[in-house]
Structure formats: C-alpha cells, structure tokens
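Take a look at the structure below.
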Amino acid sequence: MRLFVAVNFDRSIRDAIQAAIDGFPVSNPPWRWAGPETWHLTLKFLGETPRADVEAVVRALDEVRRRRATFDLTLTRFGGFPNLRAPRVLFYQVEAGAGEMKQLAADVDAALARVIGLPPESRPFHAHATVARVKEPLARDVAERLALVPPLSHPVTRVHTFDLMESHLSRTGAVYSRVKEFALL
C-alpha cells in the first residue's frame with residue numbers, strides 16, 4: 001500500500017483555494033492545477049508499506065493523536081519549491097498553526113521510526129498545500145507574476161483530525177482514499 005499521513009481540509013479551505021485559482025493572475029498557466037480532492041497537508045510520506053505493517057502504523061498514529069490537541073490553521077502566502085523563479089511545486093503556506101503542524105509531523109515521524117523502522121525525515125518540515133506541479137521551466141514574465149500573487153485569505157479553520165491515507169497512482173494522477181481518521185484531543 002502506498003501510504004502517507006495528512007491533515008485534510010474542510011470545505012472553507014477548499015473553497016478559498018479554488019477562489020484563488022479561479023482568479024489567478026496568470027491565464028493559461030504552463031502547469032496543471034491539482035484538483036481540490038488532492039489538496040491536503042502532508043505530515044509524513046510512508047511510501048510502499050506492507051499490508052502486514054498497517055496495524056502497527058495505525059497503533060502508532062493512535063498514540064500520537066492521544067498526545068496532540070486540536071489547533072487553528074490558516075493558509076496564506078503563495079510560494080514555490082525550490083523558489084518562485086524556477087518552481088517545481090506551487091503551494092499555499094500554513095501561517096497560523098505552522099508550529100503545531102511541525103510538532104505533529106515530528107511526532108508522527110518519530111512514532112513511525114520507532115514502530116516500523118521508517119527512516120526519519122531528513123529535510124526540514126514546511127507546512128504547505130501543493131496546488132500545482134510545474135513540469136517545464138517558466139518564462140521570465142510568468143515567474144515575475146508569481147511573485148505578485150496575493151496571499152490566500154479565508155477564515156481560520158480548526159484542525160480536529162489527521163488521516164492515514166492511501167495513494168493510488170493512475171495515468172490521470174493520484175487518487176487518495178482515507179484508511180483511518182485520528183481525532184485529536
């Protein structure tokens with residue numbers, strides 16, 4: 001099973017992202033937008049995981065959720081990895097709740113390393129919602145317009161849960177399904 005752990009969005013965040021994309025300052029962009037059904041905040045990518053390990057993963061994540069409280073979250077600044085001049089990924093970054101997301105990701109990372117021996121993440125955690133993947137280098141004028149994209153504005157959202165998700169790859173992109181939901185305290 002190809003698994004990852006994520007915070008999925010409620011309707012208010014999905015609507016805010018969709019409104020921003022609908023009014024985006026680059027018409028006919030040279031990338032394909034990710035669909036609303038794929039927008040989430042990844043806490044940990046497990047990759048291919050034997051079905052025999054799923055029960056241990058669920059137990060580890062249940063222990064994490066018992067130690068973590070609900071928190072508020074907002075997405076604001078538009079950005080790109082590695083940068084907006086030559087992005088491979090376009091995203092909205094978490095502002096309120098970034099510290100809580102970072103701690104939750106660290107707890108998930110440590111629990112999965114302990115229980116199934118998954119190597120700890122070596123890169124720093126950056127809470128963000130990917131909205132597009134860029135396949136080709138951007139023209140200079142397009143890259144310059146990306147730097148002017150306004151921040152996302154929407155109401156604060158309360159994070160009550162995180163999820164163990166399965167990713168099914170297809171020719172048209174990944175399809176995600178929830179394996180198990182974990183309610184925070």
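Could you list, in sequence order, all residues of the range 96-115 that are in contact (Cβ under 8 Å) with a residue 40 or more places away in the chain and either polar (S, T, N, Q) or in contact with a Pro (Cβ under 9 Å, 6 or more places away or on another chain) (or both)? I'd like the intermediate steps shown before the answer.
Filtering the range 96-115 down to residues in contact (Cβ under 8 Å) with a residue 40 or more places away in the chain leaves 96-97, 100-101, 104-105, 107-109, 111-112, 114-115.
Passing the criteria: Asp109, Leu112.
Quick check, is Glu100 assigned to a strand (DSSP E or B) and either at positive phi or touching a Leu at 6+ places or on another chain (Cβ under 9 Å) (or both)? Don't jump to the end; show me each part of the working.
Working: assigned to a strand (DSSP E or B): no; either at positive phi or touching a Leu at 6+ places or on another chain (Cβ under 9 Å) (or both): yes.
Considered against the rule, which asks whether it is assigned to a strand (DSSP E or B) and either at positive phi or touching a Leu at 6+ places or on another chain (Cβ under 9 Å) (or both), Glu100 comes out as no.
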Original post:
Of these, Leu152, Leu90, Leu164, which one is at pLDDT 95 or above, crowded, with 17+ Cβ neighbours inside 10 Å and farther than 26 Å from Arg59 by Cβ?
Top reply: Leu90
Subject >> Some residue of the range 24-36 being part of a helix (DSSP H, G or I), under 19 Å from the mean Cα position of the chain (by Cα) and either crowded, with 17+ Cβ neighbours inside 10 Å or touching a residue at least 60 places away in the same chain (Cβ under 8 Å) (or both) >> reply: no
**OP:** Identify all residues within the range 37-77 that are of a type in the set (D, E, K, R), touching a residue at least 40 places away in the same chain (Cβ under 8 Å) and more than 21 Å from Pro124 (Cα to Cα); write none if there are none.
**Re:** Glu37, Glu48, Arg51, Asp53, Arg59, Asp62, Glu63, Arg65, Arg66, Arg67, Asp72
Subject >> Every residue from the range 117-151 that is within 25 Å of Ala69 (Cα to Cα) and in contact with a Leu (Cβ under 8 Å, 6 or more places away or on another chain) >> reply: Leu118, Ala127, His128, Ala129, Thr130
**OP:** Just give me the residues in the range 65-94 being among the aromatic types (Phe, Trp, Tyr) and either assigned to a helix (DSSP H, G or I) or touching a helix residue (DSSP H, G or I) at 6+ places or on another chain (Cβ under 6 Å) (or both), in sequence order.
**Re:** Phe71
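When you go through Asp15, Asp62 one by one, which is the residue that is in a helix (DSSP H, G or I) and modelled with pLDDT under 95? If you could, list the steps in order and put the result at the bottom.
Numbers: Asp62 fails: modelled with pLDDT under 95.
The unique qualifying residue is Asp15.
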**OP:** Look at Pro151 and say whether it is touching a strand residue (DSSP E or B) at 6+ places or on another chain (Cβ under 7 Å) and outside any strand (DSSP E or B).
**Re:** yes
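The values are calculated or read from the model by the stated rules, or taken from the named source; none is laboratory data. All values derive from a computational prediction rather than experimental measurement. FYI the Cβ positions are ideal-geometry reconstructions off the backbone, even for glycines, and counts take in every protein chain you see.
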